[in-house]
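Reading through the structure tokens given below for one structure.
The values are calculated or read from the model by the stated rules, or taken from the named source; none is laboratory data. Because the structure is a prediction, the values reported are computed rather than measured. Reconstructed Cβ throughout: ideal geometry from the backbone, glycine too, with neighbour counts over all protein chains shown. Side chains included, ligands, DNA and RNA excluded: accessible areas come from the protein's heavy atoms. Shrake-Rupley method; radii C 1.70, N 1.55, O 1.52, S 1.80 Å.
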Amino acid sequence: MGNNKTKCYHCGADCTDDSINIGDKIFCCNGCKTVYEILNENEMCSYYNIDDMPGITPKGKFKGRFDFLSSDDISKSLLDFSDEGISIITFYTPSMHCSSCIWLLENLNKLNPGIVSSQVNFPKKTVRATFNEEKTTLQDVAELMAAIGYEPVINLNDVEKDKKKVDRSLIYKVAVAGFSFGNIMLLALPEYFEVNEFWLDQFKPFFRWIMLLFSIPVLLYSARDYFISAYKGLKHKFINIDVPIVLGIMVLFIRSSYEVIAHVGSGYFDSLTGLVFFLLLGKFFQDKTYKSLSFDRDYKSYFPVAVTRIRNDEEENVQVSKLNPGDRILIRNEELIPADCVLIKGEGMIDNSFVTGESKLVSKKTGDKLFAGGKQIGEAIELDVIKTVSQSYLTQLWNHDVFNKDNNQNFKSLTDSISKYFTFFILGLAFIASGYWYFGGHTTIAINVFTAVLIVACPCALALSAPFTMGNVLRILGRNRFYIKNAETLEEMATINHVVFDKTGTITQNDKSKVSFVGEDLNEVENRNLKAILRQSNHPLSRTLYDSVFALGNIETSTFEEITGKGMKATIEDNEYLVGSASLVNYKSDEEINQTRVYVKIDSTIKGYYLFENIYRSSLSKVFKAFKNIKISILSGDNAGEEKNLESLTPKGTNLVFNQKPEGKLDFIQKLQEKKGKVMMVGDGLNDAGALMQSNVGVTVSENINSFSPACDAILDAEVFDEFPTFMKLANQSRKVVIWSFVMSFIYNSIGLYFAVSGLLSPIVAAILMPISSISVVVFVTIATNILARRNGLN
């Protein structure tokens, strides 16, 4: 027997009095014991030597869960490769977390000889398995992984969506620009120091033509995106930062080409290629992505691939996309309902929290309508499909126009806001300076001054400020488990003036409830009997209550009956117990009950009820108080039963809105934006998806960042929820860093412009000034953001 302080040998969880022993090893459950036995039987217990207690507890029974993989149509749609009996499959397994996981998953062939090899991509949380179809099946591979605690996640998106191609174009562009920049600098070195030597003088024209040729792919390929962006901006009568950049690039190339062709100089090809290289490097640094996360998921990432269909009393697996109205389907415990249906057989206990936000289980009886997205808890039920998947309620939510919009389309960055005035200022200065020299009778100098101003004032440092600042802050926040989609989102966070929180699963803890008894206290015998009754029920409330009731000893019930949608009736030692709803115990009250209650009646006496309340995150009050200058609203799909609790936790003036359906939450966000609000929505489920997309910034709070989360702009690990205000503060401070770096950029430009308007800009001055200004700005923003992070207590 274990004790409360003993750790499970496999997973490290606390063991109770019901723990299981194998020799001197103690396990918290049969799942952990089974994994150990599998590894021990195959002489793979060295798994436990890599890390202490590295295992993962298998999630319940998995037999039958992967039967759909026996269908040829489904398996073919999932396989990466299949030819001559050898197949390759890539499974997403978010539960892997350490080196022991990698070791075990790359040794699957020792557990199943039919598996030829398996490779782990840890950042992406995927396992690529090659197996022999004559010795094993895809279903066997999936069931093996589930048996050892690494259940693969397979959803409708895997079947209907093509594999994403990795876009490496930016890497290629950086490589081309870097290669050309390095070689041009090498060829231009003698020009910098004006070295006079016979052979150098002989080959100078040749070297200059080589530099011209090296610059062409940089102009046409590496800098292509800047030209496209500038063209689109001008087309829509908008001057973005790419307009002055393209202007500078074109002037550099045209003037440098003229000097080489006319044999009057070496040009500024080093400055041109260096400019493009540093700009692309900044973009590459900014475009850091979290490959194991997805910010653009929809309902297909949540739906199963297949479901069990019943035809002529025979069960078959069919893809959910092929379901038609009138089909009879079987939904087992914790399986998702893929389409709108009518309950035909069994007791429905439906968890709609991920769709509606309502945290309570809903009891359904024969003839009731069930919506797609609900999850059955308890016994298997049979349903008749009334709508196809594409016509179901949940799918209609995704047909809203908000899912087709670009989140950042209306947001103008600080850099773009300044670029308009910067462009007009530089063009004006160029005309004035060149006009001064032209009317003074120095036409050649006037042309040189005009181009020199555009060259030296090219906003390289200005364009690098935001990418390197935001890129570094993205990494800092990522290390602290707040993952932001892109730099535009981070910059827009600094403008937020209203934060809207979803209640269930966002500011409350998932799968946890506070249970308290209201009424006449139960004695020791009554507690023991109550626990014996609860032990026989599989209802989620019964399981939660069973863990909350303290009682010693075991006793058998004389009779036991579970009444659909109401509760339990049992007899123990000639005493009749009723445990369940108010109607079961015949409790009547004039007050409206907005709470989750389980009543206890012994014989003719109602002893009282167990009250189930949400457990709010421990740091909630601290988080709300930290938002001093930001308005707060809380939306909930639940009723107003928690209103008093929330009022005690939130600042005065907080807007509490209950009974909100998904479309209601979206409308609420829209109304705030119509009043010029910059709104951040913080949610966790599919019911929040529309509001997350409509908001200026949508943040998903996730207990497991690798599990499903709806489309959003950022993912916040629930364990660091208390740091959320700190992350917002750093976002605001990063915007100030960008402003200070702009000041530095303007100082450098002022120095360069002095040389330009006076006609003294030489290739050596340009070659020195432009890289120094860029590098110094990059160094400044990197150091500044790291200092700010440390001051805010972030690593």
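Computed from Cα atoms alone, the Kirkwood hydrodynamic radius reported for region 114-157 is 11.3 Å. P(r) tail for region 458-578: Cα pairs beyond 16 Å make up 75% of the total. In plain terms, if you count all Cα to Cα distances in region 579-690 and split them into 10 Å steps from zero, the share in each step is 11, 33, 29, 17, 9, 2, 0 percent. Accessible surface of PHE425, taken over heavy atoms with a 1.4 Å probe and every protein chain present, rounds to 120 Å². Scaled to the globular estimate 2.2 N^0.38 Å, the Cα spread of region 502-631, given as radius of gyration, is 1.26.
Among 213-220, 548-555, 465-472, sorting by the average number of other beta carbon atoms lying within 10 angstrom of each residue, highest first, gives 465-472, 213-220, 548-555. Its residues counted as N, region 620-677 yields a C-alpha radius of gyration over 2.2 N^0.38 Å of 1.18. Extension gain for ASP368-GLU314 works out to 17.0 nm (0.36 nm per residue, less the C-alpha to C-alpha distance). A simple spin-label model places pseudo-atoms 7 Å from Cα toward Cβ; at GLU703 and ARG597 they are separated by 2.7 nm.
The 1.4 Å probe gives accessible areas that order HIS10, HIS442, largest first, as HIS442, HIS10.
Between LEU213 and ASN121, the distance separating the two model label sites (each 7 Å from Cα on the Cα→Cβ line) works out to 3.9 nm. Amide H to amide H, with H built 1.01 Å from N, ILE26 comes under 5 Å of TYR9, counting only residues 5 or more places away or on other chains. Solvent-accessible area of GLU106, all protein chains in place: 80 Å² (probe radius 1.4 Å, heavy atoms, ligands and nucleic acids excluded). If you sort PHE227, PHE668 by accessible surface, 1.4 Å probe, largest first, the order is PHE227, PHE668.
Accessible surface comparison of GLU134, GLU314, probe 1.4 Å, protein chains only, largest first: the order is GLU134, GLU314. Relative contact order, whole percent, for region 514-553 stands at 45, derived from Cα pairs under 8 Å and 6 or more residues apart.
Applying 1/(1 + (r/R0)^6) with r as the Cβ-Cβ distance of THR443 and SER750 and R0 = 30 angstrom yields a FRET efficiency of 0.70. Rolled with a 1.4 Å probe across the full set of protein chains, the surface gives ARG735 an accessible area near 60 Å².
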